[in-house]
Every structure is written in C-alpha cells, then in structure tokens.
Amino acid sequence: MFIGYLAGVNLLAYAAMVLDKSKARKGARRIRETTLLNLALIGGSFGTVIAQQTIRHKTQKKPFRSRLRGIILFQAFVVVALTLALIMTGLPEALLQRIASFD
C-alpha cells in the first residue's frame with residue numbers, strides 16, 4: 001500500500017510539473033511553487049526531480065531548487081532515522097513478519 005502511495009504521488013508530482021511547464025509556455029495561469037513543493041514534501045520528490053531533468057523545468061529557479069534539495073535532505077534524514085530506530089529496537093524482524101503475513 002505504501003509503495004502504491006509513493007508511485008501515485010510521484011506520478012502526480014511529475015504530471016503537475018509537466019502541466020506547469022505547458023502553462024508557462026502558453027502564458028496561462030501557473031501552478032503555485034508551494035503546490036509543487038508540497039507534492040514533493042508528501043513523497044513526490046523523486047517525480048519532481050525526474051520532471052526537472054527530463055522536461056528542463058524550474059532548473060534555474062534558485063529558491064525552488066534549494067527548497068527542493070532541503071525537502072530531499074529532510075526525507076533522507078527521516079528514512080535513515082527510522083531505519084536506525086528499527087534496527088536499534090530490534091523491530092525489523094517483527095516488521096518483516098507482519099509484512100509477510102499480509103500475503
């Protein structure tokens with residue numbers, strides 16, 4: 001379920017970046033940067049970065065780039081902290097058994 005969530009939010013983040021670039025080219029009303037960054041924050045950072053690189057959107061905008069990097073660093077910190085917490089408490093085995101019981 002978590003992997004499905006991440007896939008969905010990353011697809012949504014990628015699509016939002018593509019749509020924003022399309023609107024920029026047409027001179028239409030744009031998607032707010034806070035919306036794009038919030039999509040990255042809730043798990044869509046991978047989709048946002050892939051969109052940046054593949055469609056070359058928001059690559060020169062310094063506040064956006066630095067905020068996106070901050071979000072990615074924060075997410076990496078959370079993953080490392082949770083992983084260490086699981087290892088230190090001995091919960092990885094219990095977690096793996098719980099995941100296996102869903103099959």
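Read the figures in this text as sums done on the coordinates, not as results from a lab. Everything numeric here is computed off the predicted structure, so don't read it as measured data.
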Expected 222 nm ellipticity per residue - DSSP helices of 4 or more, -39500 (n - 2.57), all of the chain, to 500: -26000 deg cm²/dmol
Relative contact order of the chain, pairs being alpha-carbon contacts under 8 Å that are 6 or more residues apart, as %: 25
Translational diffusion of the chain, µm² s⁻¹ [Kirkwood Rh, Cα pairs; Stokes-Einstein; 10 °C; 1.306 mPa s]: 104
